[in-house]
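Contents: one structure, followed by commentary.
The values are calculated or read from the model by the stated rules, or taken from the named source; none is laboratory data. Here the structure is a predicted model, which means the values were calculated and not measured. Because the Cβ atoms are built from the backbone with ideal geometry, glycine has one as well, and the counts that use them run over all protein chains shown. Side chains are part of the model used for accessible areas, which takes the heavy atoms of the whole protein and leaves out ligands, DNA and RNA. Shrake-Rupley method; radii C 1.70, N 1.55, O 1.52, S 1.80 Å.
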Amino acid sequence: MEKSLKVKKKYTLFTGKQLLWLILPIVIEQIFSTSLGMLDSMMISNIPANGGNASLAVGNVDYINNLIIQLFSAFATGGAIITSQFLGAEDNENARKSAKQMLVLVILMSLAISGLCLAMNWPLLKLFYGDVSEEVFGYQRIYFFVTASSFPFIGLFNGCAALLRVQRKSLFTMISAAISCVLNVGLNAVFLFVANLGVLGVGLATLICRAIPAVFMLVLLTRKKNTVRIRIFEKFRFDGKMIKKILKIAIPSGIESCLFQLGKLMTNTFVNAGCYVQPVLDAAGNPVLNEQGLPLTVNIQANGNTIANQINNIASVVGSAIGTSCLTVIGQAVGAGDVGQCKHYMKKMFLLSYIANGVCTGIILACVPYLVNMYGFAVEAKEIGKQCLYFCLCFQFVTYPLSFTTPAILKATSDVKYIMFSAIISMFVMRVGLAFLLTTDKIPGLPQLGALGYWIGMCSDWVLRSILFLTRLLTGRWKKASGLIKETPVDEPAAEPEPALEEAAMTEEEEVQ
């Protein structure tokens, strides 16, 4: 009598140990990188000369900087995904070619954007922050001018970091981010508390701590041991076919990422609106005057929102790191041309994302009172920051992996157009539209919730993103975008549809007679 034995198919593209050594350094790297803005605001908020307004200026400009950084990151991601897929297919020659094309593109783009921002300093800030006080606006101009000079270094760093990660060398990116963070804290201390340079000192510290790690990363990428090695002095010529492949992913990713940050920037301006600005009073209840004899003002809601945003960025860092890791893991699985292997690693990355996000968010949730008290803002601003953090962190437990890990997985399969359109719809309906209604003073009768209204819109956006992206993944349509399945010719019968994602590849079975 014949007996069938069912054997599970094993996938070894990434072992558990290899995944750990890929993801853990990226987590630590992003903790360092994300901490830079928070540490800048914390340190400058404690300077005697109206640190609250200086810190608000730094936080406001960082929204613009993050929008631009996302554009560099999107182009680096486009090149990294193509390079990762070539590596999965063991086509090292084309992997090296795509890497060089991407790096040159990112550097040229970052130089152009840096020049544009330096020239358009005043108009850009007036466009987004025309309602802030003159003092805050002056601080913003100084900080934006200095940090815009660092954009070429950010572009170089992002490009090199993406190429090292796809080669599973994320330990180097972690070391570089650690150097940047230590330099930033040390230089901030010198420029703020010794040289008394204020906002200018914070900007100079940021410029220096971005330049040194960027050069360090480029040197690492030129090593002969690398599978994908950049030769700086090698003759270079643009490859139209390769550029087209990179842009096919980079442009939709760039639009999606930039509009996402633009949504954050727009909603932040709602909280900076004049209706939330109030005069600073002394102990007797009289207005405090500045050096020019004008009343000092403060925006408690905006300061509270700055606290919540910067601490929430730390809480999101683990989930974000796993999303970054997906570009390497899923990209190489796609390059290997195995649908089952792709599904196996998708499930694995989701599981890791939920566990890691839950642990990180839980720790930050428990530490909220201590983290908030490190800021030099007024007590009222700290209470607003706490309220917003408790609200958004509770949502983050469930929605963050679905709303951010899922699109990272889809990007790695080259399914970028759906992500772009879905993210734009969700952002304008929830993040911008709902937040505007909950914060504006332009429409009578609506609640002016300030920072809390901002976070209600943000969390609603996470929910809608989760629904849109997860639906796409479960339908299996990503397989067509990745090239893993082809469209059936009209004169041929349609093939049986692929099983849904929940039929994981690790349960694929072979029948042994």
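A few comments on the model shown:
- Apportionment of accessible area to carbon and sulfur, the range 51-204, percent (1.4 Å): 67 percent
- When each of the peptides 189-201, 18-30, 260-272 is scored by how many other beta carbons lie within 10 Å of its residues on average, the order from highest to lowest is 260-272, 18-30, 189-201.
- Gyration tensor verdict on the range 356-449 (Cα atoms; rounded if a/c is under 1.5, prolate if a/b is larger than b/c, oblate otherwise): oblate
- In the context of the full set of protein chains, the range 238-394 has a per residue accessible area of 38 Å² (1.4 Å probe).
- Think of the chain as having a plus end and a minus end, set by charges on the Cβ of Lys, Arg, Asp and Glu; of MET346, CYS181, ALA162, ALA162 sits farthest toward the positive end of this dipole.
- Amide H contacts for LEU289 (H built 1.01 Å from N in the peptide plane; partners 5 or more residues away or on another chain; cut-off under 5 Å): LEU296.
- Summarised in one figure, the compactness ratio Rg/Rh of the range 109-176, Cα atoms and Kirkwood Rh, is 1.17.
- When the helices of the chain are scored as -39500 (n - 2.57) per DSSP H run of n ≥ 4 and the total is divided over every residue, the value at 222 nm lands at -24000 deg cm²/dmol.
- 25 °C / 0.890 mPa s Stokes-Einstein diffusion coefficient of the range 284-347, Kirkwood radius on C-alpha pairs, µm²/s: 150 µm²/s
- Mean Cα-pair separation over length for the chain, i.e. relative contact order, pairs under 8 Å, 6 or more apart, %: 22 percent
- At R0 = 25 Å, FRET efficiency that the Cβ-Cβ distance of THR471 and CYS394 yields, to 0.05: 0.60
- Rolling a 1.4 Å probe across the protein heavy atoms gives the range 148-204 an accessible surface of 33 Å² per residue.
- Annotation for ILE251 and ASN46: the two label points, set 7 Å from Cα along the Cα-Cβ direction, are 4.9 nm apart.
- Protein-only accessible surface at a 1.4 angstrom probe places the residues SER414, SER150 in the order SER414, SER150, largest first.
- Computed from the C-beta positions of ALA189 and VAL379 and an R0 of 35 Å, the FRET efficiency is 0.85 to the nearest 0.05.
- The 3J(HN,Hα) values that the Karplus relation (6.51, -1.76, 1.60; θ = phi - 60°) gives for the range 154-170 are, in residue order, 5, x, 4, 4, 4, x, 5, 4, 4, 6, 6, 5, 5, 8, 6, 10, 6 Hz. Gly and Pro appear as x.
- Averaged over residues, the count of other Cβ atoms within 10 Å places the peptides 77-88, 159-170 in the sequence 77-88, 159-170, highest first.
- Extension reserve of the VAL288-CYS367 stretch, reckoned as 0.36 nm per residue once the Cα distance is removed: 25.1 nm
- Solvent-free Debye calculation, one equal scatterer per alpha-carbon of the chain: log10 I(q)/I(0) at 0.05, 0.13 Å⁻¹ equals -0.21, -1.28.
- Legend: P(r) of the range 338-401 from all alpha carbon pair distances, 5 Å bins from 0, whole percents, reading 3, 16, 20, 16, 13, 10, 7, 5, 4, 3, 1, 0.
- 3J(HN,Hα) along the range 70-83: 4, 5, 4, 4, 5, 5, 5, 5, x, x, 5, 5, 4, 4 Hz, from the Karplus curve 6.51 cos²θ - 1.76 cosθ + 1.60 with θ = phi - 60°, whole Hz, x for Gly and Pro.
- Between PHE421 and VAL219, the FRET efficiency from the beta-carbon distance, with R0 = 51 Å, is close to 0.80.
- Between the Cα long axis of helix 134-148 and the first principal axis of the chain there is an angle of about 40°, rounded to the nearest 10.
- Using C-alpha pairs under 8 Å with a sequence gap of at least 6, the mean separation divided by the residue count of the range 229-353 gives a relative contact order of 14 percent.
- Length added when fully stretched, LYS10-ASN226, from 0.36 nm per residue minus Cα-Cα: 75.0 nm
- Prolate/oblate/rounded call for the range 169-253, Cα gyration tensor, a/c under 1.5 rounded: prolate
- Net charge dipole size for the range 39-130 [Lys, Arg +1 and Asp, Glu -1 on Cβ; Debye, nearest 20]: 220 debye
- In degrees, nearest ten, helix 92-119 long axis to first principal axis of the chain (Cα): 20 degrees
- Stretch gain in nm, segment GLU93-LYS126, where the contour uses 0.36 nm per residue and the Cα spacing is subtracted: 7.1 nm
- Spatially proximal lysines relative to LYS10 (Cα-Cα < 22 Å; intrachain offsets below 8 disregarded): LYS343, LYS347, LYS348, LYS479
- Taking Cα atoms only, the orientation of helix 300-315 departs from the longest principal axis of the chain by about 30 degrees.
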